[in-house]
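The values are calculated or read from the model by the stated rules, or taken from the named source; none is laboratory data. Note that the structure is a prediction, hence the values are computed from the model and not measured. All Cβ positions, even for glycine, are placed from backbone atoms using ideal geometry, and neighbour counts span all protein chains on display.
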Amino acid sequence: MSEIIYNQIYYLGLQTIRYGKRFFRWLWGLILKPIKAVATLIFTVIIVVDKFALKTFHEIVDEIRDLVADFKKVSFKIAVDDEGNKKGAFQRFGHYVKVAYNKYKKVFLYGLNILLPILSFCLLFNIANAWADTTFALEINYNDQIIGYVRSEADYKEARELAFDRLDITASNMVSDNNQEKELIGKADYKIKPVKLSQISNSYEICDKLIANSDSKITNACGIYVDGSFVCALKNETDAISVFDSILAEHETGEENAVVSFVEEIEYVQGLYPDNENTVKDASYLNEKLNSKKSEARYYIVQSGDTVSQIAQKFDMTTTQLFNLNPELKENIYIGQKVLLANEVNFIRVQITKTETKQVEIPFETIKVNTNSLYKGDQKTVIKGVKGLEEVTELVTYIDGVRISSKEVSRTTIREAVDEKIQVGTKQNSSTSGNIVSYGRFVWPTIGANRVSSYYGKRSLNGWHGGIDMVKPGGGSTGIPVVAAESGRVTLAKYNGSYGYCVIIDHGNGLSTLYAHMKPGSLRVSAGEYVTRGQQVGQIGSTGFVTGPHLHFEVRVNGNRVDPAPYLGIKTGINE
């Protein structure tokens, strides 16, 4: 059985190999067909191009081959026949060149067609390369001598002005000859010329040449310019730099993030200068000059929280001095306003730029939520507001110690603000609703106790009475509700000496009311609460110094007791 299976597997393998070879042979033939077709097409194209398009090229190649062969034969023949006769050899060679040109004219023309474009391109390239480094400029001729080239007339005029500055030429420094003024720096002639870029000079170089060709005694020195204006010249540039460095060193703060520099632009110009005491100075003169004053306004920009007195104190001034400098200045100033501090400033000012960090509070928001769990007019703080905190980094600029400007760089929140949440009462006071009586400005402060037992004023028994006592007709006053005569803020709600349990309500504008002798445990309000007109505050009782249960009601104006009758809309009575 195993032999049969083996034979079947063997037979299957042979058949697989046989038909596999046939399949791959068929597949390979299928792939080669388009490749052979494309290759045949390409070969045909090459033959056609070579046959027709390159026909001339092949002819030229054949003629070149013949020309080279003839040249070798002729050269050999001339070398043998005319050995030692160079003149005859040159004549025969020239004759052969003419013959060769007529015989192989196509070769020479073909060569010219190739050689001429190449030569033209080389010529054009050289011309473009030569002009790329060439430009038109003004040739300056001064005192019959060409002193240089500049791009424009403006550059020459600038050089001339620089020369004037160095020679200190002003209206009073002109030399006169027979009453005819003559400039130390005369006018130059100039014309347009094509020159190399490397030949063009800047204004300072032309300035040096103008001075060198003038009639002045000159020397080589370092000129000091502040904001473009000439100050003086020093023989040694190092001395000049050290003077400026010493001024900066005095203002160094030692802070890593502080950059100390000058407000003005400082230039050190090495060149030719008049060798006289008005121009060339020493380091001590330069130091004295830089530490002097110049006429220039100095301002302060108002910051948040500034006042006139604070600004004056900050700069060691009086407010009178500040107002004299700023006639239009008022007590009310605004952020960003410019305040004049002085009409003179340092000749050269030092600027310090550094980063500063400060903490700023973030205000919280107040959210009010209505609730019927509180009476109308009552408020309750559920969540107390907490201010947040931010760290602000600013890039601050000081000029001569005065803060001039600041720019915020970053802001980081250290602590988030917590919003304050307040519940606002909407519930009506059911104890007093519908029973409040009003005859005047105030409502009657009790419900049911509407008889006055004692008026405001002098009493025969115990002297002066500062309010009105109210009781219920026929007795039974204890427990009767006491209400607020007007809306306001409770300032006192507790036992208060002879007044007993007492409530005082502030109604604003110096007006307040007092309710005294109330029943223990009946107070319904506390200090700080807001009550509305007619809202119950307690009940009639007999606490404190009393002879019986009643409500003692007072009206106070700026702390002084006054007659409550006009406020309640009743006539003033007379105590027995």
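Structure summary
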read-out	value
Some residue of segment 463-471 being touching a residue at least 12 places away in the same chain (Cβ under 8 Å), surrounded by 17 or more Cβ atoms within 10 Å (Cβ to Cβ), under 19 Å from Val443 (Cβ atoms) and within 59 Å of the chain's Cα centre (by Cα)	no
Residue satisfying condition, being farther than 30 Å from Glu288 by Cα and modelled with pLDDT under 80, within set Asp168, Asp215, Asp155	Asp215
Hits in segment 458-482 (condition: assigned to a strand (DSSP E or B) and in contact with a strand residue (DSSP E or B) (Cβ under 8 Å, 6 or more places away or on another chain))	Lys458, Arg459, Trp464, His465, Ile468, Asp469, Met470, Val471, Pro481, Val482
Qualifying residue in segment 504-511 (condition: under 16 Å from Thr547 (Cβ atoms) and at pLDDT 95 or above)	no
Single residue of Gly440, Gly475 found to be loosely packed, with under 13 Cβ neighbours inside 10 Å and either out of contact with any Lys or Arg (no Cβ under 6 Å at 6 or more places or on another chain) or in the same structural domain as Asn509 (by TED's automatic domain parsing) (or both)	Gly475
Residues that are outside any strand (DSSP E or B) and within 27 Å of Ala258 (Cα to Cα), drawn from segment 322-354	Ile335, Gly336, Gln337, Phe347, Ile348, Arg349
Count of segment 534-562 residues which are buried (at least 18 other Cβ atoms within 10 Å of the Cβ) and of a type in the set (D, E, K, R)	2
Boolean, Thr219 is assigned to a strand (DSSP E or B) and surrounded by fewer than 17 Cβ atoms within 10 Å (Cβ to Cβ)	yes
Given (1) in a loop (DSSP other than H, G, I, E, B); (2) of a type in the set (Ser, Thr, Tyr); (3) in contact with a Ser or Thr (Cβ under 7 Å, 6 or more places away or on another chain), number of the condition Ser304 does not satisfy	(3)
Failed item in (1) small (Gly, Ala, Ser); (2) in a loop (DSSP other than H, G, I, E, B); (3) over 16 Å from Phe442 (Cα atoms), with Ala485 passing the rest	(3)
Residue list for segment 426-453, filter: modelled with pLDDT of 75 or more and not in a strand (DSSP E or B)	Gly440, Arg441, Phe442, Trp444, Pro445, Ile447, Gly448, Ala449, Asn450
Residue among Ile333, Ile311, Ile301, Ile362 that alone is touching a residue at least 60 places away in the same chain (Cβ under 8 Å) and under 31 Å from the mean Cα position of the chain (by Cα)	Ile301
Test: Ser512 is assigned to a strand (DSSP E or B), hydroxyl-bearing (Ser, Thr, Tyr) and either over 60 Å from the mean Cα position of the chain (by Cα) or crowded, with 22+ Cβ neighbours inside 10 Å (or both)	no
Top-ranked residue in segment 377-425 [being of a type in the set (Lys, Arg) and part of a strand (DSSP E or B); ranked as nearest to His507 (Cα to Cα)]	Lys380
